[in-house]
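Everything on this sheet refers to the single structure shown next.
The values are calculated or read from the model by the stated rules, or taken from the named source; none is laboratory data. In this text the structure is predicted, and so the values were computed from the model without any measurement. Note that we place each Cβ from the backbone using ideal geometry, even for glycine, and neighbour counts take in every protein chain shown.
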Amino acid sequence: MSNLIYKEDAYKIVGICMEVHNQLGKGFNEVVYADALEIELTDNNIPYSREMKYGIVYKGNLLPHKYKADFIIDDKIVLELKAISCLTVAHTKQTLNYLAVSKLKLGLLINFGEDSLKYKRIVL
């Protein structure tokens with residue numbers, strides 16, 4: 001387990017998400033958790049971009065619609081937020097697609113919608 005990519009960064013981000021979940025609990029819309037998370041990231045001096053857009057190329061053509069990742073942390077980690085009853089394989093695939101278009105290697109899929117925070121590390 002010591003070779004986990006961005007282990008310390010991911011640990012800190014998950015801890016910050018746990019703080020947000022502890023303070024707000026479950027039941028809010030995703031955007032509320034994102035707003036609170038933005039405060040925590042700023043307070044912890046963690047560089048981030050919110051709602052970063054990525055183009056999608058199909059057969060050499062740039063499609064008009066873009067992927068919008070919830071957060072990109074320190075230009076190396078995709079942070080995808082959910083506020084739903086249960087994560088599914090589709091959410092994992094969505095995060096993998098964000099990793100593919102962003103060319104980043106690690107995604108953290110976080111769900112604020114359960115009694116306790118659930119998260120998943122996704123490596124491309």
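A few remarks follow.
- Residue match in region 112-123 (condition: outside any loop (DSSP other than H, G, I, E, B), in contact with a strand residue (DSSP E or B) (Cβ under 8 Å, 6 or more places away or on another chain), at pLDDT 95 or above and surrounded by fewer than 13 Cβ atoms within 10 Å (Cβ to Cβ)): yes
- Filtered residue count, region 100-122, keeping only those that are hydrophobic (A, V, I, L, M, F, W, C), in contact with a Gly (Cβ under 9 Å, 6 or more places away or on another chain) and closer than 15 Å to Ile73 by Cβ: 1
- Conditions (1) more than 21 Å from Lys7 (Cβ to Cβ); (2) out of contact with any Gly (no Cβ under 8 Å at 6 or more places or on another chain); (3) surrounded by 11 or more Cβ atoms within 10 Å (Cβ to Cβ); (4) at pLDDT 95 or above: number failed by Lys82: (2)
- Residue ID - nearest to the chain's Cα centre (by Cα), chosen from residues in region 52-73 that are part of a strand (DSSP E or B) and exposed (fewer than 11 other Cβ atoms within 10 Å of the Cβ): Val57
- Candidates Val78, Val57, Val32, filtered to the one that is aliphatic (A, V, I, L, M) and touching a helix residue (DSSP H, G or I) at 6+ places or on another chain (Cβ under 6 Å): Val78
- Check on Ile46, surrounded by 15 or more Cβ atoms within 10 Å (Cβ to Cβ) and over 12 Å from the mean Cα position of the chain (by Cα): yes
- Only a single criterion out of (1) surrounded by 13 or more Cβ atoms within 10 Å (Cβ to Cβ); (2) touching a Gly at 6+ places or on another chain (Cβ under 9 Å) is not satisfied by Leu37, namely (2).
Results for (1) part of a helix (DSSP H, G or I); (2) at pLDDT 95 or above; (3) among the polar types (S, T, N, Q), shown as yes or no for each residue.
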{"site": "Asn3", "(1), (2), (3)": "no, no, yes"}
{"site": "Lys12", "(1), (2), (3)": "yes, yes, no"}
{"site": "Gly15", "(1), (2), (3)": "yes, yes, no"}
{"site": "Glu19", "(1), (2), (3)": "yes, yes, no"}
{"site": "Asn22", "(1), (2), (3)": "yes, yes, yes"}
{"site": "Phe28", "(1), (2), (3)": "no, yes, no"}
{"site": "Ala34", "(1), (2), (3)": "yes, yes, no"}
{"site": "Leu37", "(1), (2), (3)": "yes, yes, no"}
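- Test result for Ile46, farther than 17 Å from Val123 by Cβ, part of a loop (DSSP other than H, G, I, E, B) and at pLDDT 95 or above: yes
- Annotation: of all residues in region 1-22 being within 21 Å of Ser49 (Cβ to Cβ), touching a residue at least 60 places away in the same chain (Cβ under 8 Å) and not small (Gly, Ala, Ser), the one that is surrounded by the fewest Cβ atoms within 10 Å (Cβ to Cβ) is Ile5.
Every residue, every condition in (1) more than 19 Å from Leu106 (Cβ to Cβ); (2) under 14 Å from the mean Cα position of the chain (by Cα); (3) of a type outside the set (Asp, Glu), yes or no:
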| position | (1), (2), (3) |
| --- | --- |
| Gln23 | yes, no, yes |
| Phe28 | yes, no, yes |
| Val31 | yes, yes, yes |
| Lys76 | no, yes, yes |
